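Let me begin by presenting the structure, written as structure tokens, before commenting on it.
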Amino acid sequence: MDPIRLTAEERKEMLDRFLRYVRVDTRSDDNSTASPSTPVQKDLSRMLVDELVALGCADAAMDEWGYVFATVPGNLPQGHPAAGTVPTIGLLAHVDTYFGTVGAGVKPVVIDRYDGGDIRLSGDPTQVLRPSEEPNLAACKGHQLVTTDGTTLLGADDKAGVAEIMTAVAWLRAHPEFPHGRVRVAFTTDEEVGRGTEHFDVGAFGAKYAYTLDGSDLGEVEDETFCADSALVVVEGRDVHPGYAKGRMVNAVRAAAALVSRLPEPALPETTEGRQSYLHAYDVRGDVTKVEVKLLVRAFTVEELHEREDSLRAVVAEVEAAFPGVRTTVTVKEQYRNMGFKLAEDPRVMDHAFEAVRRQGLTPSRKAIRGGTDGARLSYMGLLTPNVWAGGQNFHSVREWVSVEWMAAAAETTVALLGVWVEKSIP
Ligand SMILES: [Zn+2]
């Protein structure tokens with residue numbers, strides 16, 4: 001199979017799609033309990049339904065949560081050796097953008113051929129993108145880039161992924177000679193507020209394998225996430241009038257402060273990277289009588305996760321000993337588990353992605369996410385979903401930018417991946 005290449009015209013259509021989508025404000029809201037958390041997300045979802053219908057996906061529809069589902073029927077002729085065996089493949093991206101940065105009034109700036117120098121963002125001259133600070137920017141010399149004007153985010157997270165999937169769908173329609181199985185497309189809402197799979201009906205979606213296009217760097221396929229627990233430590237003291245407290249007061253505030261300061265220094269978010277685990281105290285509130293300390297526990301294996309929790313309990317025991325009369329409880333709750341454990345049950349989902357990346361002439365890189373993804377939750381719900389690059393850089397920031405070359409490569413690789421699944425499904 002030759003590499004898939006978008007024509008100049010197809011690439012321009014992809015860029016036009018992207019520029020159209022980023023101009024729609026789809027910011028989600030972490031303070032809202034509604035679904036979707038903001039009604040504006042549906043504005044983009046509606047636009048995508050119309051475009052999918054125009055691309056021949058007759059069943060494209062949006063549900064009440066703002067999710068868009070659509071089908072590209074398979075086109076294997078009867079008698080094709082993979083006709084009965086090739087599985088349905090899902091392609092996923094999210095329409096919402098990060099709640100913490102302005103997402104309305106995005107004015108994307110297209111740089112047709114990046115000269116490799118500093119890029120001063122036109123709406124805020126204090127914002128300068130420097131290749132000396134960003135190796136990926138240096139790597140994109142000569143590319144067509146899209147930046148912000150410095151006053152809003154861009155929304156390449158994840159509208160780059162949306163535009164790439166739409167481009168793959170358009171490509172399949174324009175190339176009926178390219179054999180592929182059934183493809184299901186889903187655009188979801190509220191990923192940024194951690195609720196992107198809350199209403200996702202895996203059964204109705206009808207695929208066992210899917211890919212989110214929501215990563216960053218060219219060639220990257222992510223199959224691991226953290227194992228995550230939360231921990232709540234309640235520290236109880238005894239309040240007495242401070243003027244008459246000698247020998248009687250037990251100050252939970254001081255005990256909690258000691259607890260936080262004794263957390264092992266080498267295992268904090270600010271001292272770890274790569275595959276290292278951490279304990280993170282992120283919220284402390286209370287008074288002399290009672291303080292609650294909330295922590296995140298993160299590691300790539302369950303063993304290490306439990307080691308971190310044991311070290312927390314050891315610190316708590318030290319504090320109890322140092323502050324006689326203080327009472328403590330530690331409550332640990334499971335949040336999510338490493339998606340890699342699930343994906344390992346069926347290695348084809350990663351193998352085929354790497355094969356497609358290689359066939360496109362790119363170097364695949366396997367990465368572990370120091371966080372969670374919608375794909376992690378979906379994988380545990382029965383839809384194995386690694387994460388593929390979409391090209392965006394500096395997510396969640398007014399300094400967000402994307403390379404159109406890397407976007408095109410993601411769209412092309414997505415098509416190639418469908419071809420690999422057909423080929424590898426031949427018994
Ligand atoms: Zn994203």
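The values are calculated or read from the model by the stated rules, or taken from the named source; none is laboratory data. Predicted, not measured: the structure shown is a model, and the values here were computed from it. Here Cβ is always computed from backbone atoms with ideal geometry, including for glycine, and neighbour counts include all displayed protein chains. Accessible surface is based on the protein model in full, side chains and every heavy atom, while ligands, DNA and RNA are left aside. Shrake-Rupley method; radii C 1.70, N 1.55, O 1.52, S 1.80 Å.
Just so you know, in region 230-262 the residues that are small (Gly, Ala, Ser) and either assigned to a helix (DSSP H, G or I) or in contact with a Cys (Cβ under 7 Å, 6 or more places away or on another chain) (or both) include one that is farthest from ARG313 (Cα to Cα), and it is GLY243. Name the residues in region 205-229 that are small (Gly, Ala, Ser), more than 13 Å from the chain's Cα centre (by Cα) and assigned to a loop (DSSP other than H, G, I, E, B), would you? Across region 205-229, the qualifying residues are GLY206, ALA207, GLY219. Those strands (runs of 3 or more DSSP E) of region 72-167 in which 1 or more residues are modelled with pLDDT of 95 or more and over 25 Å from the mean Cα position of the chain (by Cα) occupy 109-111. Being assigned to a helix (DSSP H, G or I), more than 20 Å from TYR114 (Cβ to Cβ) and open to solvent by 10 Å² or more (accessible area, probe 1.4 Å), is that true of even one residue in region 189-200? Within region 189-200, none of the residues are assigned to a helix (DSSP H, G or I), more than 20 Å from TYR114 (Cβ to Cβ) and open to solvent by 10 Å² or more (accessible area, probe 1.4 Å).
When ALA368 is tested against the conditions (1) within 16 Å of the ligand (Cβ to nearest atom); (2) of a type outside the set (Ser, Thr, Tyr); (3) at pLDDT below 95, the lone failure is (1). The listed residues are ALA163, ALA168, ALA174, ALA204, and the only one of them that is within 16 Å of the ligand (Cβ to nearest atom), more than 27 Å from PHE300 (Cβ to Cβ) and either touching a residue at least 60 places away in the same chain (Cβ under 8 Å) or touching a strand residue (DSSP E or B) at 6+ places or on another chain (Cβ under 9 Å) (or both) turns out to be ALA163.
Total residues in region 200-221 satisfying the condition of being under 16 Å from TYR380 (Cβ atoms) and not small (Gly, Ala, Ser): the figure is 7. Beta carbons closer than 7 Å, at least 6 apart along the sequence or on distinct chains, pair a first residue in region 83-106 that is on the phi > 0 side of the Ramachandran plot with a second that is away from the ligand (no atom under 16 Å from the Cβ) for GLY105/THR152. Considering ARG348, ARG358, the condition of being touching a residue at least 40 places away in the same chain (Cβ under 8 Å), closer than 30 Å to ALA416 by Cα and open to solvent by 50 Å² or more (accessible area, probe 1.4 Å) is satisfied by ARG348 alone. I'd like to know if region 414-425 contains one or more residues that are touching a residue at least 24 places away in the same chain (Cβ under 8 Å) and part of a loop (DSSP other than H, G, I, E, B). Yes, region 414-425 contains a residue that is touching a residue at least 24 places away in the same chain (Cβ under 8 Å) and part of a loop (DSSP other than H, G, I, E, B). Criterion applied to THR197, THR212 was being of a type in the set (Ser, Thr, Tyr), modelled with pLDDT under 95 and within 16 Å of the ligand (Cβ to nearest atom), and the one residue passing it is THR197.
Restricting SER425, SER403 to residues that are away from the ligand (no atom under 16 Å from the Cβ), polar (S, T, N, Q), open to solvent by less than 20 Å² (accessible area, probe 1.4 Å) and out of contact with any Leu (no Cβ under 9 Å at 6 or more places or on another chain) narrows the list to SER425.
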